[in-house]
Amino acid sequence: RGFSSQSEGEARVTRVLREKFPRASSIRVVDISGGCGAMYEIHIESEDFREKRTVQQHQMVNQALSEEIKSMHGLRIFTSTPKP
């Protein structure tokens with residue numbers, strides 16, 4: 001599959017994250033379960049994470065995806081803030 005084409009699951013998770021983190025400068029969602037949608041790796045860079053500990057940042061992402069997570073087996077989250 002092409003680099004720019006996302007699976008339906010990746011697109012859905014990306015859409016939810018864009019909605020919940022409108023200030024995100026970068027959101028990347030990758031299905032790491034071979035396409036079955038059971039496990040995702042998520043990279044988000046957002047101002048929303050500034051001044052927050054990593055665990056708080058990850059809780060924000062988990063909360064944003066609370067509905068989607070119900071049908072997943074695993075989630076790898078990487079958060080960061082934009083460089084000034």
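Protein heavy-atom accessible surface, 1.4 Å probe, per residue over the range 6-78: 60 Å².
Considering only beta bridges that DSSP places wholly inside the chain, some 50 percent are antiparallel.
When you restrict to C-alpha pairs under 8 Å that are six or more residues apart and normalise by the size of the range 6-78, the relative contact order lands at 32 percent. Counted over the chain with a bin width of 10 Å, the fraction of Cα pairs per bin, in whole percents, is 18, 54, 25, 3.
The values are calculated or read from the model by the stated rules, or taken from the named source; none is laboratory data. Remember, predicted model here, so these are calculated numbers, not experimental data. The protein model used for the area step is the full one, side chains on, heavy atoms only, and it has no ligands, DNA or RNA in it. Shrake-Rupley method; radii C 1.70, N 1.55, O 1.52, S 1.80 Å.
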